1. Cβ contacts < 8 Å: first residue farther than 29 Å from LYS59 by Cβ, restricted to the stretch 183-210; second residue in a loop (DSSP other than H, G, I, E, B) and at pLDDT 95 or above, any location; separation 6+ or different chain. Result?
2. Of all the residues that make up the stretch 187-212, how many are more than 19 Å from the chain's Cα centre (by Cα) and either within 20 Å of PRO69 (Cα to Cα) or assigned to a strand (DSSP E or B) (or both)?
3. Quick one: in the stretch 65-81, which of the residues that are at pLDDT 95 or above and of a type in the set (A, V, I, L, M, F, W, C) is surrounded by the fewest Cβ atoms within 10 Å (Cβ to Cβ)?
4. Which residue, of PRO97, PRO138, PRO84, PRO93, is in contact with a helix residue (DSSP H, G or I) (Cβ under 6 Å, 6 or more places away or on another chain), open to solvent by less than 50 Å² (accessible area, probe 1.4 Å) and without any contact (Cβ under 8 Å) to a residue 60 or more places away in the chain?
5. Restricting the search to the stretch 116-135, which residues are in contact (Cβ under 8 Å) with a residue 40 or more places away in the chain, open to solvent by 10 Å² or more (accessible area, probe 1.4 Å) and at negative phi?
6. Looking at LYS208, is it open to solvent by less than 10 Å² (accessible area, probe 1.4 Å) and basic (Lys, Arg)?
Amino acid sequence: MEKFSNWRDKGTGITPFIQSNPRFSLISLPVILVKLPIFIFLLPLALLNISIIKSFILKFLFNFESKIPRLNKDLVYITNYSSPLLAFVVNLPINIPIDKEIQSFSTWTYILHSLGYEVKGKKVKEMKRGILLIEGTPSNNKCILKFETFDTSISGKLGTLIVKFQPNWVNTPVPTNPFSYLIGLMNFEKKFCNIKVVDHRENLERCKRDFDNSNLKLVNFGLIDKKEFWKYKLEN
C-alpha cells in the first residue's frame, strides 16, 4: 500500500481509489448459477427503470438490505458517487458533471460510466431536479472527492443525498470488469445500503458539511488525480 502513498490524503489518511475484493466460498458457485439466468431475464426491465424489478434484483439476487427513504422529485440532490448500484436504489434522473457541463445518463450508460467506461450522457442546459453526482467519478465510499466545477445552471432547490454501500468492494473507484463485479453481487454475502436525506440546503458548501457530518470527509483529490493513480497502478 505504501507505493500508493502519493494518493493518501494528508489530512485524513484516506486513500480514496483503493478497491477491495469480494469474498467467495464453496457454496458460491451453485448460488450464482441459479441467480444468473434470472438476472439476464430481468435486466431489460430494470434498464427501463421499473422500480419493482430493480427492488427484486437488489434484494433477492444481490442480497441487499436497504432502507430507502422517499425522495422529493422536485429537488436537485447533491450525491456522493461510489457504485453502479445507485441505479437500482433511486428512480430519479442521474446527472454527472463532465468537461464543465452537467450530463444526464440513462440507467445503462450510468452503470457503464460507474464501471470506468468512457461514455457520455446528454447535455443538460438547466438542472431543475434529479441526482447530481458532484464528484464526477466514483470513489471507494470512504470520503468525498473535490466537487467538480461546471457551467450548467442549477435552478432547482438543493438537497443532500448521502449514500453508503457495504461491503466496500461494491464501490468501483477504478475501472472494474462488469462480469466479475456481477458475480460478486450474486454471491450469498450480505450487503447493505444506507441512505440519509437532507431535503433543503442553501448552497453547495452546506451540502459539503452534510457529507462531513456523516463521516464522509472531503479529501484533496479529484478526477485528474484518479487518472494519474490508475496510470501509475497499471505501470507498476
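1. LEU204/ILE134; LEU204/PHE147; CYS207/ILE134; LYS208/PHE147
2. So the answer is 3.
3. First pass over the stretch 65-81, keeping only residues at pLDDT 95 or above: 75-81.
Add one more test, that the residue is of a type in the set (A, V, I, L, M, F, W, C), and what stays is 75-76, 78.
On the way: LEU75: 23, VAL76: 25, ILE78: 26.
Applying the filter and picking the extreme gives LEU75.
4. PRO138
5. First pass over the stretch 116-135, keeping only residues in contact (Cβ under 8 Å) with a residue 40 or more places away in the chain: 116-117, 127-135.
Keeping just the survivors that are open to solvent by 10 Å² or more (accessible area, probe 1.4 Å) gives 116-117, 128-129.
Passing the criteria: TYR117, LYS128, ARG129.
6. When the stated conditions are applied, LYS208 does not pass them.
The values are calculated or read from the model by the stated rules, or taken from the named source; none is laboratory data. As the structure is a prediction and not an experimental result, all values here were calculated from the model. In this analysis, Cβ positions are derived from the backbone assuming ideal geometry, glycine residues included, and neighbour counts consider all displayed protein chains. Remember, those area values only see protein heavy atoms, side chains included, never the ligands or the DNA or RNA. Shrake-Rupley method; radii C 1.70, N 1.55, O 1.52, S 1.80 Å.
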